[in-house]
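Report on the following structure.
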Amino acid sequence: MRSRWREGGLVSTVRMRSSAGRALVALRGLPADFQPRPVELSSPHPPQECVERLAKVTTARGTGWLLDPKTAGLPEPRLRGEVGAQAIRVARFQDSAGRNSFLPWLTLTVEPDGRGGTVLTGTVGPWLGAPAFVGAYAMIFSCVALAGLIAGPTALAATGSARALPVLLVPVFVGALGVLVLVVCRNSLPRHVSALLREVSDILGASATM
């Protein structure tokens, strides 16, 4: 009976290792999903008016704005960040208030379009170090899960005892949970990017092209 258990455990180990290998290959492309993307906005308003429109609805403060008694009862700013005559870096205020490590930021330069309007070009996406961080994060938690997939079935096959099961389940659960966080953030990122572009486009009466 133990011999059969060991044989079955070894087969399961090989299958799990193969599945883990395919999962690791799939995760290699994950950092690219967090790379900032080029974007261009075209507004019919002149550059100075575009800057003024954005400045009126932007604050440099995050949760501090919400907790300040002086701002109690006031409408929330639409954007958070910095607005200057030449460079702009903003995020949606409600998205930036106290959460989201992969918050999308819109970074733009302001130039006249030669027809009385303005063209704003730049990038939209998480902070520049996000892809490298995601790659390291995914690798660490994938290795944790892989360690459980390798050690757990081997322990089960060697001992024939279900007491070795935690050796498999705990690392796999921790690793899978870590990777799941990244997948959820990746899947929600396009939605937040679209919301940010709609917000800024509405303020400027502009059209956005990625």
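The values are calculated or read from the model by the stated rules, or taken from the named source; none is laboratory data. None of these values were measured; they are calculated from a predicted model. Glycine gets a Cβ as well: all are built from the backbone with ideal geometry, and neighbour counts include every protein chain shown.
Taking the range 14-110 and the helices (runs of 4 or more DSSP H) fully enclosed by it, the elements with 2 or more residues that are modelled with pLDDT of 95 or more are at 47-56. Taken over the range 184-198, the criterion of being farther than 16 Å from residue 37 by Cα and touching a helix residue (DSSP H, G or I) at 6+ places or on another chain (Cβ under 9 Å) is satisfied by 185 alone. May I ask you to list the residues in the range 111-133 that are in a loop (DSSP other than H, G, I, E, B) and under 21 Å from residue 201 (Cβ atoms)? Hits for the range 111-133 are 113, 114, 115, 116, 117, 126.
Given the condition of a type in the set (D, E, K, R), within 19 Å of residue 90 (Cα to Cα) and at pLDDT below 95, answer yes or no: does some residue in the range 171-189 qualify? Scanning the range 171-189 turns up no residue that is of a type in the set (D, E, K, R), within 19 Å of residue 90 (Cα to Cα) and at pLDDT below 95. Before we move on, is residue 125 modelled with pLDDT under 90 and surrounded by 15 or more Cβ atoms within 10 Å (Cβ to Cβ)? Judged against the criteria, residue 125 is not a match.
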